[in-house]
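What follows is one structure encoded as structure tokens, with my remarks underneath.
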Amino acid sequence: MDSEKLSGTKRQNVKLGDFVQVVQKHHQRSGELTEGLVRRILTNASNHPHGIKVKLDTGEVGRVKWVIVEE
């Protein structure tokens, strides 16, 4: 089971239900990643240099660093 990582800076890579790694606001300095499933996409722009902002199924909000795609 291989997985591929897509950049989280492009909105076209982020879909509802995707498994992603995000950086929450209070973890920006450390870069600590939180994993979860996308419940809502909060960024309207087609891309964002720091990552598309999403709400996870846990209710946590963060900017997507990586979209994990299982192949």
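Just a few scattered comments:
- Strands (runs of 3 or more DSSP E) lying entirely in the chain (those with 3 or more residues that are touching a residue at least 60 places away in the same chain (Cβ under 8 Å)): 3-7, 61-70
- Among the numbered conditions (1) at pLDDT 95 or above; (2) touching a strand residue (DSSP E or B) at 6+ places or on another chain (Cβ under 9 Å); (3) surrounded by fewer than 14 Cβ atoms within 10 Å (Cβ to Cβ), the only one that V67 does not meet is (3).
- Entry remark, the range 34-55: residues being surrounded by 11 or more Cβ atoms within 10 Å (Cβ to Cβ) and out of contact with any Lys or Arg (no Cβ under 6 Å at 6 or more places or on another chain) number 8 in total.
- If only residues of the range 1-33 that are polar (S, T, N, Q) and under 13 Å from K53 (Cβ atoms) are counted, the one that is surrounded by the most Cβ atoms within 10 Å (Cβ to Cβ) is T9.
- Any hit, the range 14-21, residues being over 12 Å from the mean Cα position of the chain (by Cα) and of a type in the set (S, T, N, Q): no
The values are calculated or read from the model by the stated rules, or taken from the named source; none is laboratory data. Since the model is a prediction, treat every value here as computed from it, not as a measurement. Positions of Cβ are generated from backbone atoms using ideal geometry, with glycine treated the same way; all protein chains shown enter the neighbour counts.
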